[in-house]
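First comes the structure, then the notes that go with it.
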Amino acid sequence: MKRGVKDFESAIKELEAIVKALEEGDLALEQSLELFERGIQLSRFCHTRLEDAERRIELLTSQGERAAAPDNLTATSENGNDT
């Protein structure tokens, strides 16, 4: 039975617990395989969420970028001719 994943933070916390349990090595083979499978599911969930966040940041950044000032505006300001 596969359990759903609530959110990124919960997934990371559960994944950390799985890694710790697997590193301890005190589990039966079948239990280790089940935890490993769950860990892969959580890892994919987290990876997808991070990619989504990256796309959102790129979109917000590209929408918020400002164009450079025109050359003639910069030249006027540097010459002291602010008209």
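Derivation of every value follows stated rules applied to the coordinates shown; laboratory data play no part. Everything quoted here is computed from the prediction, not taken from an experiment. Please note: Cβ atoms are built from the backbone with ideal geometry, for glycine as well, and neighbour counts cover all protein chains shown.
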Simple spin-label estimate for N72 and I12 in nanometres, 7 Å along Cα-Cβ: 5.1 nm
Between T48 and V19, what is the label-point separation in nm under the 7 Å Cα-to-beta-carbon projection? 2.1 nm
Karplus-derived 3J(HN,Hα), 6.51/-1.76/1.60, for each residue of region 38-55, Hz, glycine and proline x: 5, x, 5, 4, 5, 4, 5, 4, 5, 4, 5, 5, 5, 5, 4, 5, 4, 4
